[in-house]
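Bear in mind that the values in this text are calculations on the coordinates, not laboratory data. Please read these numbers as outputs of a predicted model, since none were measured by experiment. Here the Cβ is made from the backbone with ideal geometry for all residues, glycine too, and neighbour counts use every protein chain on show.
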Amino acid sequence: MRKKIIIILIFLLPLTAQASEPLSETEVYSLERCIALALEKHPSLKVSAGIVKANQSRVGQAMANYYPHLDLSARYQRIGPTSPPDNTLDSYNQYSTGINLGVTLLDFGKTSTQVKIQDLNVDASRSDYENVKAQIVQNVKNAYYNLLQTQRNKDVAKDTMKQFQHHLDQANAFFRIGTKPKFDVTKAQVDFGNAELSVLKAENAVRAARITLKDVMGIPEHVDFAIMDNLDFRENEIKLDEILNKAYSNRFDLSSIIAKREAAQRSIELAQTGYYPTLSGSAGYDFSGTDFPLGHGWNAGATLSFPLFSGLLTKYQVDEANANLEVLKANEDAIRQAIRLEVEQAYLNVQDATEQIAVTEMTVLQAKENYNLAEGRYRTGVGNPIEVADATITLNNARANLNTALYNYKIAQAALEKSIGANP
């Protein structure tokens, strides 16, 4: 029996080891999948969702005054003599219990205004939630495109190293047959060493970018994964006036401040209700007495409470509400100005990045032609190693510049989408 168990374990060990291995480079995540995962896992979004739920509960609290309040009470007292000291009366027990019903009949809009204010606060917190969501999406896009850029730059660095390795092999071959001096070999070795160092730096940049992406997704402990390369260019015709109007309609930070401003306007109405009376009704049934069975009876009535003087409390509450409204109006104007600035800057950045891509693509073609000429001259024994090194570096710098231009375009495009509220 023990031999069978050992055999089974021997067969299972490789499977267990394979199952525990990380999924690095085996799963490929698209940008959409990264965004969806971030919106599911990011803790800041859970915080905003909790704030929305808290504000929703305050609506129910405000509505509670619409309904009657029912209370059940019971009381016991031991009452001592209250007569002069020479009185012989003994202490006695007092028992009472009762059920009481109270309802607000008229409060001149105080309850309804409180409910409306809390409804507006819910709207504001929902807009804040969507604003947090948009920021998370923006951060994921930035980190995603940064990882793509570093990966492409790593490929450029590896290609550079291969090119210098090829040049080193050529220099060694020419030196062995005596057609090139030792300087060519030494120069090629230095260039190759520098290229190796660049590869190490590029690989470290990729690792750092991957860590950043997982962090902004809210999954820092997640296994590494590959991502789809969508660092491409698709020019779109956009008009500034159209996207500005769309931004004013879609931006959640603007809708949040509008809801808060409307709530502040309602708060003035709520504060003013302090000048008005409140009419309430009550009814109850009570049992009381010193011995059992207790006597019982019912009561019903209405109360009109009119505030005559409260130390100017209501006046100052109204003043505070008015001041808060002015602050929120100013904040709304500031946000509108900030939105316009953000949209215009993002729009110009997209235009600039588009022009950069056209220039860098042409530069890459020219650098390739220059490299082919320099490498061909050296291969035929006419050129020198400095020409080849310069041409190699120029070519791969041009490729890296193209990667940067594509990255800048994607980042500018993502910023423009966020500025007009186009994120999911």
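With K and R counted +1 and D and E -1, the other residues having a Cβ less than 12 Å from that of residue 262 yield a net charge of +1. For region 193-243, the equivalent ellipsoid derived from the Cα gyration tensor has semi-axes of 32, 20, 10 Å, listed largest first. Electrostatic tally near residue 61: other residues with Cβ closer than 15 Å to its Cβ, Lys and Arg +1, Asp and Glu -1, net +3.
Multiplying the residue separation of residue 283 and residue 71 by 0.36 nm and subtracting their alpha-carbon distance yields 75.3 nm. Each pair of Cα atoms in region 274-417 enters the Kirkwood radius, and Stokes-Einstein at 20 °C and 1.002 mPa s then converts it into a translational diffusion coefficient of 89 µm²/s.
Kirkwood analysis of region 151-277, using all unique Cα-Cα pairs, places the hydrodynamic radius at 21.5 Å. Straight Cα distances below 23 angstrom link residue 133 to the lysines 41, 46, 53, 141, 214, 246, 260, 410, 418, with same-chain residues fewer than 8 positions distant left out. Extension gain, residue 49-residue 312: 0.36 nm per intervening residue step, less the Cα-Cα distance, totals 90.8 nm.
In the elastic network of the chain, a GNM with C-alpha springs shorter than 10 Å, the most mobile of 81, 307, 68 is 81. Over region 60-206, the pair-distance histogram of Cα-Cα distances with 10 Å bins from zero comes to 9, 13, 11, 10, 9, 8, 8, 8, 7, 7, 5, 3, 2, 1 percent, rounded to whole numbers. Using a Gaussian network model of the chain in which every pair of alpha carbons under 10 angstrom is joined by a spring, one finds that among 254, 325, 279 the greatest mean-square fluctuation is at 279.
Tell me, what is the percent relative contact order of region 246-351, built from C-alpha pairs under 8 Å that lie six or more residues apart?
36 percent
Value of Rg to Rh for region 337-424, rounded to two decimals, is 1.28; Kirkwood radius and Rg both from alpha-carbon coordinates. If the label point is 7 Å along Cα→Cβ of residue 103, which residues in region 256-286 have backbone nitrogen under 12 Å from it? In region 256-286, the label zone of residue 103 (backbone N under 12 Å from the point 7 Å along Cα→Cβ) covers 280-283.
Which percentage, to the nearest 5, of the DSSP beta bridges contained in the chain is antiparallel? Here the antiparallel bridges make up roughly 95 percent for the chain. Only the Cβ atoms of Lys and Arg (+1) and of Asp and Glu (-1) were treated as charged; on that basis the dipole of the chain about its Cα centre amounts to roughly 1300 debye.
Under conditions of 25 °C and 0.890 mPa s, region 96-173 yields 124 µm² s⁻¹ as its translational diffusion coefficient, taking Rh as the Kirkwood radius over Cα pairs in the Stokes-Einstein equation. Treating each Cα of region 309-378 as an identical point scatterer and summing with the Debye formula, the log10 of I(q)/I(0) at q = 0.25 Å⁻¹ comes to -1.01.
Compute the Kirkwood hydrodynamic radius of region 206-289, taking the inverse of the mean of 1/r over all pairs of distinct Cα atoms, and give it in Å to one decimal.
20.7 Å
Here the Kirkwood formula, the inverse mean of 1/r across different C-alpha pairs, assigns region 300-349 a hydrodynamic radius of 15.0 Å. Ordering 263, 211, 233 by the projection of their Cα atoms onto the charge dipole of region 211-268, which places +1 on the Cβ of Lys and Arg and -1 on the Cβ of Asp and Glu, puts 263 at the extreme positive end. At what distance in nm do the modelled label points of residue 194 and residue 292 sit from each other, each positioned 7 Å from its Cα along Cα→Cβ? Label at residue 194, label at residue 292, 10.3 nm between them. Near residue 391, once Lys and Arg are set to +1 and Asp and Glu to -1 for all other residues with Cβ below 11 Å from its Cβ, the sum equals -2. Per residue of the chain, the DSSP helices (runs of n ≥ 4 H) give a summed -39500 (n - 2.57) that works out to -24500 deg cm²/dmol at 222 nm. On the beta carbon distance between residue 304 and residue 222, with R0 = 56 Å, the FRET formula returns roughly 0.30.
Taking max minus min of the alpha-carbon positions on each principal axis, the chain gives extents of 137, 81, 39 Å, largest first.
Note that region 348-393, at 4 °C in a medium of 1.567 mPa s, gets a Stokes-Einstein diffusion coefficient of 109 µm²/s from its Kirkwood radius over C-alpha pairs.
Taking the centroid of alpha carbons for each part, region 248-316 and region 143-199 are 80 Å apart. Any idea what log10 I(q)/I(0) is at q = 0.21 Å⁻¹ for region 217-349, Debye with uniform C-alpha scatterers and no solvent? Relative scattering, expressed as log10 I(q)/I(0), comes to -1.17. Toward the positive end of the charge dipole of region 274-424, with +1 on the Cβ of Lys and Arg and -1 on the Cβ of Asp and Glu, the farthest Cα among 276, 289, 305 is that of 276.
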